[in-house]
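These notes concern the structure reproduced below.
The values are calculated or read from the model by the stated rules, or taken from the named source; none is laboratory data. These numbers come from a predicted model, not from an experiment. All Cβ positions, glycine included, derive from the backbone under ideal geometry; neighbour counts span all protein chains shown. Ligands, DNA and RNA are excluded from the accessible area calculation, which covers all protein heavy atoms including side chains. Shrake-Rupley method; radii C 1.70, N 1.55, O 1.52, S 1.80 Å.
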Amino acid sequence: MSSLRQFAYASLIIFSVLMLVIGTWAGRFFPDPVGAIFARIFHICTTPIIMEITLATIGIVIVVALAQYHEKHANEWVEMDIPDDSNQPPKE
């Protein structure tokens with residue numbers, strides 16, 4: 001994979017997470033029932049201890065999703081050659 005493509009993927013992931021945070025913040029300004037839910041989610045997620053846990057969880061989800069995607073689309077099978085020892089007498 002080229003460096004430009006890796007940069008584009010990383011930028012897309014960072015932009016998506018940024019839009020998620022900004023969207024949650026902006027959702028606070030909706031009318032009352034929906035805005036209250038967005039405000040509650042935003043305030044909970046930006047509480048000091050929970051914010052680190054939230055960002056770590058998002059990071060782990062991103063890493064696992066990328067690993068799953070690359071495992072599914074990779075064509076790098078590794079095969080091990082195991083010798084057949086059935087013709088040799090057992091060692092004592």
Which residue, of 8, 74, is among the hydrophobic types (A, V, I, L, M, F, W, C) and at pLDDT below 85?
74
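For every residue, the table says whether it meets (1) open to solvent by 70 Å² or more (accessible area, probe 1.4 Å); (2) assigned to a helix (DSSP H, G or I); (3) basic (Lys, Arg); (4) over 17 Å from residue 59 (Cβ atoms).
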position	(1), (2), (3), (4)
5	yes, yes, yes, yes
8	no, yes, no, yes
20	yes, yes, no, no
26	no, yes, no, yes
41	yes, yes, no, yes
Within region 18-73, track down each residue that is over 18 Å from the mean Cα position of the chain (by Cα) and of a type in the set (Lys, Arg).
28, 40
Where a residue in region 53-66 is part of a helix (DSSP H, G or I) and its partner, wherever it lies, is not basic (Lys, Arg), with Cβ under 7 Å and at least six apart:
54/45; 58/17; 62/13
